[in-house]
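Taking it in order: structure first as structure tokens, then the write-up.
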Amino acid sequence: MEKKQKRPTLPQWRHRSKQSHKGHYGRLLVIGGSPGMSGSVHLATQAAYRTGSGLVYLLVPQAIRMIAEIKSIETIVRQEPLDCFNGNDEVSSSLIQASQNMDAIVCGPGLVSEAPLLFLEQLAQWIQEVDVPLILDAGLLNVLQYRSAMLCQVKQGIITPHEMEFARLVKRPLKEIQENRLQVAQEVATRFGMIVVLKGHETIVTDGQQVYINTTGNPGMATAGSGDVLAGIIGSLAGQGFSAFEAAQLGVYLHGLSGDFAANKLGEASLIARDLIHYLPEAIQWDQSLQS
């Protein structure tokens with residue numbers, strides 16, 4: 001891709017010291033997955049590593065743990081069981097145990113709960129205790145629609161909904177969201193005190209005051225797993241020390257840029273989520289070259 005554009009006003013990449021080790025580049029925990037949806041968390045972890053994470057951990061339900069172990073090479077699969085369908089305290093204790101010493105957490109890719117209200121009860125204590133950037137995505141947003149007020153308890157939150165998920169979460173008609181994307185995103189960000197990443201054409205990132213409207217990306221990225229890749233990218237950047245807004249802003253830019261590289265080589269119709277991860281290093285190198 002030729003350098004035809006000036007780099008947007010984005011956070012600058014940090015220089016890597018020769019004396020550094022993997023612990024300096026963030027410990028990220030990815031939570032999610034369910035039977036039939038194990039690929040979601042795998043995409044998120046691989047995207048996080050390709051964005052620069054030093055260590056990525058994975059917490060999945062017991063039913064898919066063996067699958068996660070087989071698919072994972074660099075990713076560390078946690079030993080605590082995660083079962084979002086039961087009625088005991090295992091979920092809260094597992095989440096709290098797994099979250100210790102993490103620099104950022106992504107929760108939601110591929111997560112499906114057959115008992116969302118019960119799961120919310122088990123999430124409550126954990127959400128109050130998490131004090132690192134928490135990226136809430138996909139399946140968890142579908143659960144939180146039943147008790148969206150819990151979002152106010154998240155200390156450093158980033159939500160990454162597409163328009164339908166956003167409409168369900170904030171109890172607004174989809175048409176209203178589509179016609180007033182920026183206004184509603186700012187209102188919700190202010191209401192919950194978090195970063196809203198409203199995905200779609202010209203993805204919006206806002207904390208209620210600051211606004212970034214993304215210009216990278218293409219229709220080929222409308223494919224299963226694309227959002228899981230984005231969650232992993234944002235989580236990686238947050239774990240590496242970027243602020244929540246910076247991580248979201250740079251994350252959506254890189255996600256779209258890797259999609260543009262992929263579409264340029266493969267065409268929009270043939271693009272799949274794994275291609276975004278494959279072209280992510282090229283996108284990062286190209287972006288870094290624009291800084292010099």
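The values are calculated or read from the model by the stated rules, or taken from the named source; none is laboratory data. A quick note: this is a predicted structure, and the numbers were derived from the prediction, not measured. So basically every Cβ, Gly included, is an ideal-geometry build from the backbone, and we count neighbours across all protein chains shown.
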Exercise for review: Would you please name the residue that is surrounded by the fewest Cβ atoms within 10 Å (Cβ to Cβ), looking only at residues in the stretch 226-260 that are closer than 17 Å to residue 277 by Cβ, more than 9 Å from the chain's Cα centre (by Cα) and of a type in the set (Ser, Thr, Tyr)?
Suggested key: 226
Point to revise | Residue among 282, 246, 202 that is among the acidic types (Asp, Glu) and in contact with a Pro (Cβ under 9 Å, 6 or more places away or on another chain) | key: 246
Practice item. State the number of residues belonging to the stretch 110-133 that are over 15 Å from residue 82 (Cα atoms) and among the hydroxyl-bearing types (Ser, Thr, Tyr). Key: 0
Check your understanding: Is the stretch 59-67 home to any residue that is at pLDDT below 95, buried (at least 19 other Cβ atoms within 10 Å of the Cβ), of a type outside the set (Lys, Arg) and in contact with a Phe, Trp or Tyr (Cβ under 7 Å, 6 or more places away or on another chain)?
Key -> no
Exercise for review: Sort through 118, 169, 151, 111 and tell me the only one that's in contact (Cβ under 8 Å) with a residue 40 or more places away in the chain and more than 15 Å from the chain's Cα centre (by Cα).
Suggested key: 151
Revision key, fill the gap. Going through the stretch 213-225 in order, the residues found to be without any contact (Cβ under 8 Å) to a residue 60 or more places away in the chain and either within 18 Å of residue 187 (Cα to Cα) or buried (at least 17 other Cβ atoms within 10 Å of the Cβ) (or both) are 213, 214, 216, 217, 220, 221, 223
Exercise for review: Run residue 176 past the list (1) over 14 Å from residue 160 (Cα atoms); (2) of a type outside the set (Lys, Arg); (3) buried (at least 20 other Cβ atoms within 10 Å of the Cβ); (4) free of Cβ contacts under 8 Å to residues at least 24 places away in the same chain and report the number of the one that doesn't hold.
Suggested key: (3)
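Only one residue in 99, 53, 94 is over 19 Å from the mean Cα position of the chain (by Cα), among the polar types (S, T, N, Q) and surrounded by 19 or more Cβ atoms within 10 Å (Cβ to Cβ). Which one? Before the answer, list the steps.
Values: 99 fails: over 19 Å from the mean Cα position of the chain (by Cα); 53 fails: over 19 Å from the mean Cα position of the chain (by Cα).
It is 94.
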Point to revise | Count - residues of the stretch 55-85 that are over 20 Å from residue 227 (Cβ atoms), among the β-branched types (Val, Ile, Thr) and in a helix (DSSP H, G or I) | key: 2
**Study point:** Within the stretch 93-108, considering residues that are in contact (Cβ under 8 Å) with a residue 40 or more places away in the chain and either of a type in the set (Lys, Arg) or outside any strand (DSSP E or B) (or both), the one nearest to residue 31 (Cα to Cα)
**Key:** 108
Practice item. Filter the stretch 179-209 for residues that are buried (at least 17 other Cβ atoms within 10 Å of the Cβ) and among the hydroxyl-bearing types (Ser, Thr, Tyr) and give the result. Key: 203, 206
**Study point:** Residues that are touching an Asp or Glu at 6+ places or on another chain (Cβ under 8 Å) and either among the β-branched types (Val, Ile, Thr) or assigned to a strand (DSSP E or B) (or both), drawn from the stretch 180-189
**Key:** 184
Exercise for review: Sort out which residues of the stretch 32-54 are outside any helix (DSSP H, G or I) and in contact with a Pro (Cβ under 7 Å, 6 or more places away or on another chain), and write them in order of number.
Suggested key: 32, 33, 34
Practice item. Starting from residues that are surrounded by 14 or more Cβ atoms within 10 Å (Cβ to Cβ) and without any contact (Cβ under 8 Å) to a residue 40 or more places away in the chain, keep the ones in the stretch 154-166 and report whichever is nearest to the chain's Cα centre (by Cα). Key: 159
Practice item. Among residues belonging to the stretch 133-143 that are under 25 Å from residue 26 (Cβ atoms) and without any contact (Cβ under 8 Å) to a residue 60 or more places away in the chain, point out the one that is surrounded by the most Cβ atoms within 10 Å (Cβ to Cβ). Key: 134
Review point. Checking residue 104 against (1) under 15 Å from residue 169 (Cβ atoms); (2) among the aliphatic types (A, V, I, L, M); (3) in contact with a helix residue (DSSP H, G or I) (Cβ under 6 Å, 6 or more places away or on another chain), which test does it fail?
Key: (1)
